[in-house]
Amino acid sequence: KQEVTQIPAALSVPEGENLVLNCSFTDSAIYNLQWFRQDPGKGLTSLLLIQSSQREQTSGRLNASLDKSSGRSTLYIAASQPGDSATYLCAVRGETSGSRLTFGEGTQLTVNP
Amino acid sequence: DAGVTQSPTHLIKTRGQHVTLRCSPISGHKSVSWYQQVLGQGPQFIFQYYEKEERGRGNFPDRFSARQFPNYSSELNVNALLLGDSALYLCASSVSYATEAFFGQGTRLTVV
């Protein structure tokens, strides 16, 4: 059974700092991995999708890496802003689980002005 | 372009009642999935439908059921509601079977 763990559970940083969020998964047989952002009480916003054959993806100040063999992904946020404050969720799609996403419990990020 | 839309946004029901949640996918998307998110946890997979056929089911009791219509919209039905069914119910759509998922804003269900 796939399990996804996100560390740290919560993070508070001053504005402007570069930061890294970590995601690990137990079964390396994944099809792809997706990072999401969730604001309180809201739905999920897709940030980045990395296919299993890719090593990284970039979108603006966000960069996500994937090391499939070791079961790890990181989300790097450059020059953090107060508007980045949210919960960040990592989810993997297994090779044999179709469209099912298995989520971690998220990292709650607070960026202080 | 309209994103994934869910209705209603909020709902309060009494234990034992039945509830129907609705989801309209992004235009052109043929796959719809449902997730349950309890406060403080990551979403848990309930169902996936692709081309109107069930393609996956999570570890939820038979009180939970769903269907997908010819226009690819979907309904999630929950019978005999329990207090523990209180959660944010999220719908996701994707172009095909295992491509990038886009989520709606969710339906907040409170069972009292």
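The values are calculated or read from the model by the stated rules, or taken from the named source; none is laboratory data. Computed from a predicted structure; not experimentally measured. Because the Cβ atoms are built from the backbone with ideal geometry, glycine has one as well, and the counts that use them run over all protein chains shown. All accessible areas refer to the heavy atoms of the entire protein, side chains included, with ligands and DNA or RNA removed. Shrake-Rupley method; radii C 1.70, N 1.55, O 1.52, S 1.80 Å.
Here are the numbers:
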{"read-out": "Members of the range B:11-34 that are without any contact (Cβ under 8 Å) to a residue 60 or more places away in the chain and in contact with a Pro (Cβ under 9 Å, 6 or more places away or on another chain)", "value": "B:ARG22"}
{"read-out": "Check on A:GLN51, more than 9 Å from chain B (Cβ to nearest Cβ), open to solvent by 10 Å² or more (accessible area, probe 1.4 Å) and more than 21 Å from B:HIS29 (Cβ to Cβ)", "value": "no"}
{"read-out": "Candidate set: the range B:33-45, residues that are more than 9 Å from chain A (Cβ to nearest Cβ) and modelled with pLDDT of 95 or more; chosen: the one surrounded by the fewest Cβ atoms within 10 Å (Cβ to Cβ)", "value": "B:VAL38"}
{"read-out": "Scan of the range B:73-112 for residues that are under 12 Å from B:ARG15 (Cβ atoms), open to solvent by 10 Å² or more (accessible area, probe 1.4 Å), of a type outside the set (S, T, N, Q) and part of a loop (DSSP other than H, G, I, E, B), ordered by number", "value": "B:ALA80, B:LEU82, B:VAL112"}
{"read-out": "Every residue from the range B:51-72 that is closer than 18 Å to B:GLY16 by Cα and among the charged types (D, E, K, R)", "value": "B:ASP62, B:ARG63"}
{"read-out": "Any hit, the range B:46-54, residues being within 9 Å of chain A (Cβ to nearest Cβ) and either open to solvent by 60 Å² or more (accessible area, probe 1.4 Å) or of a type outside the set (Gly, Ala, Ser) (or both)", "value": "yes"}
{"read-out": "Selection within the range B:55-66 - within 11 Å of chain A (Cβ to nearest Cβ) and outside any strand (DSSP E or B)", "value": "B:GLY58, B:ASN59"}
{"read-out": "Counted residues, the range B:18-32 - those being surrounded by 12 or more Cβ atoms within 10 Å (Cβ to Cβ) and over 25 Å from A:PHE103 (Cβ atoms)", "value": "0"}
{"read-out": "Of residues in the range A:86-105 being at pLDDT below 95 and open to solvent by 20 Å² or more (accessible area, probe 1.4 Å), the one nearest to the other protein chains (Cβ to nearest Cβ)", "value": "A:ARG100"}
{"read-out": "Sole exception among (1) open to solvent by less than 60 Å² (accessible area, probe 1.4 Å); (2) in contact (Cβ under 8 Å) with a residue 12 or more places away in the chain; (3) out of contact with any Asp or Glu (no Cβ under 6 Å at 6 or more places or on another chain); (4) under 23 Å from B:LEU88 (Cα atoms) for A:GLN108, by number", "value": "(1)"}
